[in-house]
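Everything on this sheet refers to the single structure shown next.
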Amino acid sequence: MKERRGYEDSLERELFREEFPFGPVTRRGFLALGLLSLAACTPVVRRQGVPYVRQPEWVVEGGEAEFVTAISHAGFAEPVRVKVYQERPLFLTPLERAMSPYPLAGLYALYDPARQGKAPDWEGFYAAWRKALAEGETLLVLPRTTSPRLEGLLERARARFPNLQVARFEAWSLENIYLGAELALGRRAWPVYTPEKAETVLLLDVDLHEHPAGYLWWEALSRRRLPPMNRIYAVESGASLLGSMADHRLALKPSQVEAFLLALAQALGVLPGSPASEYGGFLPALAEDLRRGGVLLAGPQLSPGAQALAMAINQVLKAPVGYVEPPEREAATPRAFAQAEGAQRLVWAAEGPLPNLSGKAFAAALSLYPNKAASWSLPLAHPLEASGQHLDAEGRLWPAQALIQPLWGGKSLEEVLAGLLGEELPALSPEEKRALVEGRPLARAQALSLEVRPGLEGRLPPLRKEAPLEITLRPDASLYDGRYRDNPYLQELPRPLSRLVWDGALLLSEEDAEALGLLADIRARERRADPKRPLLRVKAGEREALLPLWPLPGLPKGSGVASLSHFFHPEGVVWPVEVSPTGRDYPLVSTQYHGYLGEVEAVKVMEEAEALEAEPEKEKRVSFYPPWPQGEHAWAMTVDLSRCLGCGLCTLACQVENNIPVVGKEEVKKGREMHWIRVDRYFAEEGVLHQPVMCQHCEKAPCEAVCPVAATVHSSEGLNLMVYNRCVGTKYCSANCPYKARRFNFFPYGEAFVGKGDPRRAQESPLALLMNPEVTVRSRGVMEKCTYCVQRIESTRAKAAMEGRKIRTGEIKTACQEACPGKAIHFGDLLDPEDPIQAHRKEGRHYALLEEANTWPRTTYLAHLKNPNPKLKEGKHGA
């Protein structure tokens, strides 16, 4: 028999080896397996229900409750509403305007059995710590803290134990902002911006997750991305999501960004002298726009001199910015890492990169997960397991309450210090309880009356020097500085722009990749779907790391970006860098081309004036199919692409709400990720464009007609439903879907996710508590997709029926809609004349994706709006 090669050989190797690990299957063996599978159908699992002996009065069987608390991320409070089902936190939504993905994804860490270590011996630890303090200096390394109560405990601990030394560690520090305020204003301060009040906004090398107020900024800016629009400029050394939404963008190296800021200060009269360059006309056009009412938002990694210049420029512009007391009593910096490695007695309670704990006289690690390297490893409480107080990015003090008892015996940092002192933390005060019930902060920041002192040019330190190749070590959009490395939700959430999962990479411009002689080979590998990328040795200062290369359009020549989760330097984040190939490869997985729609106009772009004059397109509704009977409602969704910046929070919220499993890097490589919402990214002439794509709930759905068992059906209210227990996995529906929005369970992904890789342990795993009881956990061989959060529709319908009323306008909100920081998603009823979705469908920028497919989708889009400066032509001044 002739040896088989190519595609057939690949299919047998990749698919049959997984299904039949014992070898090739003969025809007789296949029949035997078929009979065996009939005998091994999934058994009915009988579970014993145990009633309450004394049911708590606030617990209603099958009922839900909501509580307000504040989740701390990198020291700053994010006020949230927590959906609780029978005392189990299941979902989080922003209390006020917006939140980052970290609190929501943190629900996984709450129930993760990997947090379970040895039973904590807290009394033994306190005794050993006191003994170490009696023997000599002992260093306590804390993360960034904004809690006044914790600072009070620290003061008492230092007074009682003179040998207690305290350092604050953060890989991504805010110290330069405080130092810049000291240079410009004469004292340390924290700027609080209201960018929605500005007509022109300059984003200076900053992104959403890099500033504590980043997600709040986009919520504010997105309100002005509708006519009458603001105008956004971006000058950056990386490729950011905020920069992708700019009307004009200038890409420069980190040192050149600061040189540009100096030139801008000269153009606006903040400093004497004339700008050395006009940057292709970008600088004078920007300066003219800023004078009409602008604000400058600067990244935290810019040098203190650049921060001072930014504050001086904002004062000249009379920008909407105020100053409050610094949220940190002592700035957390990466320098504390070196202190920790040199200490002989160490208690490490910070997050992110971990120092070497071996060879010390006393070493203790306080963390969410057990640390085997430390002689003492004690569990910290999850934010939902502990009460406390934290400041938010605007200086407001928020109370936090424990919503569940600590599952693994963890304590908060406040409880740890109180235990060292032999004290007990007080319960929530009446004022804290009132603030939590009313959903408000305990206290608001007092504004400081500060002005830039004269003679700034004489106090400015030298700005950064230029190098041939410069690198910025930035927080990863998902893993931050590595503190969320154990969270699979965030590991598998595609990174913005690169769409990478489960890995970090060195991002370089295509010009730099070509200069290394690697670009042609990378593009050739892309064409044949080879995930391997060249592994580079990256040296910054005295530190080096091995990172795979990922060329990214939009990056300036001579500027690279690496994530702090994969490359940490204790002396700073901006470095001259040396890069050399190792001759080895490393596989990287990106989801960008999974579900690729082809060369179609998926994202429509319009200018503000064009959108105001545009007339709504008349829908061409021609079909041989008879119309569906119309129910009481006609559910639909619109996505405003002007307000969507591709952060992926909708994907994460959908995943948590609908029990969508994580499948791992190997399965994602095969295109088997299970996210119901994918965010497509396009590099276009107008810039970077983003588009969330989920099931479009077509009125003439191609998937419904081809299902042989009627597992995908149409409801009278316009929902394209999936009946999971009918599905036999033919995948005809997926093949017939032009939007590629369906996901198939090739393996028992749901059970494997809950069982930490072993489906047989799913029922006994604490992660089963994470599953939403209102949503079925799908089994192997079942197709799934977006349902418009049908469980929320039905629960709201039941609540309205109990109260004897109709469903109110806007009462139903989908998970993606609640989490979106830009409020780009709206879910509504086409039969409700008061619903805003009516106005959306009458706009001139309203359109349907793949309208030529004639599927009549209920999910539609509003075109991406741009507000360019007529004096600038994109492409001549930057990327």
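The values are calculated or read from the model by the stated rules, or taken from the named source; none is laboratory data. Small disclaimer: the values here were computed from a predicted structure and weren't measured. With ideal geometry, Cβ positions are generated from the backbone for all residues, glycine too; neighbour counts draw on all protein chains shown.
Inside the stretch 447-456, can you point out the residues that are more than 28 Å from P94 (Cα to Cα) and assigned to a loop (DSSP other than H, G, I, E, B)?
S449, L450, E451, V452, R453, P454, G455
If a residue has to be assigned to a loop (DSSP other than H, G, I, E, B) and either buried (at least 21 other Cβ atoms within 10 Å of the Cβ) or outside the structural domain of N745 (by TED's automatic domain parsing) (or both) to count, how many in the stretch 665-678 make the cut?
Residues in the stretch 665-678 being assigned to a loop (DSSP other than H, G, I, E, B) and either buried (at least 21 other Cβ atoms within 10 Å of the Cβ) or outside the structural domain of N745 (by TED's automatic domain parsing) (or both): 5 in total.
Would you mind stating whether P254 is of a type outside the set (A, V, I, L, M, F, W, C), farther than 17 Å from G646 by Cα, surrounded by fewer than 24 Cβ atoms within 10 Å (Cβ to Cβ) and modelled with pLDDT under 95?
no
For the stretch 805-813, does any single residue satisfy the condition of being over 24 Å from the mean Cα position of the chain (by Cα), crowded, with 17+ Cβ neighbours inside 10 Å and not β-branched (V, I, T)?
no
Could you say whether any residue in the stretch 416-425 is touching a His at 6+ places or on another chain (Cβ under 8 Å) and either within 29 Å of L769 (Cβ to Cβ) or buried (at least 18 other Cβ atoms within 10 Å of the Cβ) (or both)?
no
Take the stretch 272-296 and flag every residue that is assigned to a loop (DSSP other than H, G, I, E, B) and either among the hydroxyl-bearing types (S, T, Y) or over 22 Å from L460 (Cα atoms) (or both). Working first, answer last.
Pass one, the stretch 272-296, residues assigned to a loop (DSSP other than H, G, I, E, B): 272-281, 292-293.
The answer is S274, S277, E278, Y279, G280, G281, R292, G293.
Keeping to the stretch 108-130, report how many residues are touching a residue at least 60 places away in the same chain (Cβ under 8 Å) and over 22 Å from P766 (Cβ atoms).
Taking the stretch 108-130 first, the residues touching a residue at least 60 places away in the same chain (Cβ under 8 Å) are 108-120, 122, 125-126, 128-130.
Within this subset, residues satisfying the condition of being over 22 Å from P766 (Cβ atoms) are 125-126, 128-130.
So the count comes out to 5.
Being among the hydroxyl-bearing types (S, T, Y) and outside any loop (DSSP other than H, G, I, E, B) is the filter; apply it to the stretch 121-152 and report the residue that is surrounded by the fewest Cβ atoms within 10 Å (Cβ to Cβ).
Y126
Going through L508, L436 one at a time, which residue ends up being out of contact with any Ser or Thr (no Cβ under 6 Å at 6 or more places or on another chain) and either at pLDDT below 90 or more than 30 Å from G388 (Cβ to Cβ) (or both)?
L508 is the lone residue from the list that is out of contact with any Ser or Thr (no Cβ under 6 Å at 6 or more places or on another chain) and either at pLDDT below 90 or more than 30 Å from G388 (Cβ to Cβ) (or both).
Residue-by-condition table, conditions (1) part of a loop (DSSP other than H, G, I, E, B); (2) surrounded by 17 or more Cβ atoms within 10 Å (Cβ to Cβ); (3) in the same structural domain as R672 (by TED's automatic domain parsing):
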| site | (1), (2), (3) |
| --- | --- |
| G554 | yes, yes, no |
| M606 | no, yes, no |
| E617 | yes, no, no |
| P626 | yes, no, no |
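Within the stretch 452-471, is even one residue over 30 Å from L252 (Cβ atoms), charged (D, E, K, R) and either at pLDDT below 90 or under 31 Å from the mean Cα position of the chain (by Cα) (or both)?
No - not one qualifying residue is present in the stretch 452-471.
What about R188, is it charged (D, E, K, R), in contact (Cβ under 8 Å) with a residue 60 or more places away in the chain, touching a strand residue (DSSP E or B) at 6+ places or on another chain (Cβ under 8 Å) and under 21 Å from R329 (Cβ atoms)?
So R188 fails the test.
Between A246, A298, A276, which is free of Cβ contacts under 8 Å to residues at least 40 places away in the same chain and either closer than 24 Å to P870 by Cα or not basic (K, R) (or both)?
A276
Which residues, taken from the stretch 828-840, are in contact (Cβ under 8 Å) with a residue 12 or more places away in the chain and surrounded by fewer than 16 Cβ atoms within 10 Å (Cβ to Cβ)?
The answer is E834, P836.
Would you pick out the residues in the stretch 783-811 that are part of a loop (DSSP other than H, G, I, E, B) and in contact with an Asp or Glu (Cβ under 8 Å, 6 or more places away or on another chain)? Let's see the steps before the verdict.
Pass one, the stretch 783-811, residues part of a loop (DSSP other than H, G, I, E, B): 785-789, 803-811.
Scanning the stretch 783-811 gives C789, I807, T809, G810.
On the basis of being under 30 Å from L250 (Cα atoms), part of a strand (DSSP E or B) and not acidic (D, E), does L872 make the cut?
Answer is no for this residue.
Look at G554 and say whether it is in contact with a Pro (Cβ under 9 Å, 6 or more places away or on another chain) and either of a type in the set (G, A, S) or under 19 Å from K665 (Cβ atoms) (or both).
No, not satisfied.
Which one is nearest to E328 (Cα to Cα), of the residues in the stretch 150-171 that are among the charged types (D, E, K, R) and over 29 Å from the mean Cα position of the chain (by Cα)?
My answer is E151.
Hey, among the residues in the stretch 323-353 that are surrounded by fewer than 18 Cβ atoms within 10 Å (Cβ to Cβ) and more than 27 Å from the chain's Cα centre (by Cα), which one's farthest from L368 (Cα to Cα)?
Ranking the qualifying residues of the stretch 323-353, first place goes to E325.
Quick check on this structure: which one of W376, W408, W398 is closer than 23 Å to P327 by Cβ, among the aromatic types (F, W, Y) and in contact (Cβ under 8 Å) with a residue 12 or more places away in the chain?
The conditions single out W398.
Identify the single condition in (1) in a helix (DSSP H, G or I); (2) over 30 Å from S303 (Cβ atoms) that K118 does not satisfy, given that it satisfies every other one.
(1)
Could you count how many residues in the stretch 484-499 are crowded, with 24+ Cβ neighbours inside 10 Å and under 23 Å from V538 (Cα atoms)?
2
Mind telling me which of the residues C733, C650, C737, C695 ends up being touching a strand residue (DSSP E or B) at 6+ places or on another chain (Cβ under 8 Å), among the hydrophobic types (A, V, I, L, M, F, W, C), over 28 Å from M245 (Cα atoms) and crowded, with 21+ Cβ neighbours inside 10 Å?
Working: C650 fails: over 28 Å from M245 (Cα atoms); C737 fails: touching a strand residue (DSSP E or B) at 6+ places or on another chain (Cβ under 8 Å); C695 fails: over 28 Å from M245 (Cα atoms).
After ruling out the rest, the residue left standing is C733.
Which is in contact with a Pro (Cβ under 9 Å, 6 or more places away or on another chain) and within 30 Å of S303 (Cα to Cα), of I404, I471?
The unique qualifying residue is I471.
Within 30 Å of E170 (Cα to Cα) and either of a type in the set (A, V, I, L, M, F, W, C) or surrounded by fewer than 22 Cβ atoms within 10 Å (Cβ to Cβ) (or both): is that true of L226 in this structure? Lay out the reasoning, then the answer.
Numbers: within 30 Å of E170 (Cα to Cα): no; either of a type in the set (A, V, I, L, M, F, W, C) or surrounded by fewer than 22 Cβ atoms within 10 Å (Cβ to Cβ) (or both): yes.
In short, no.
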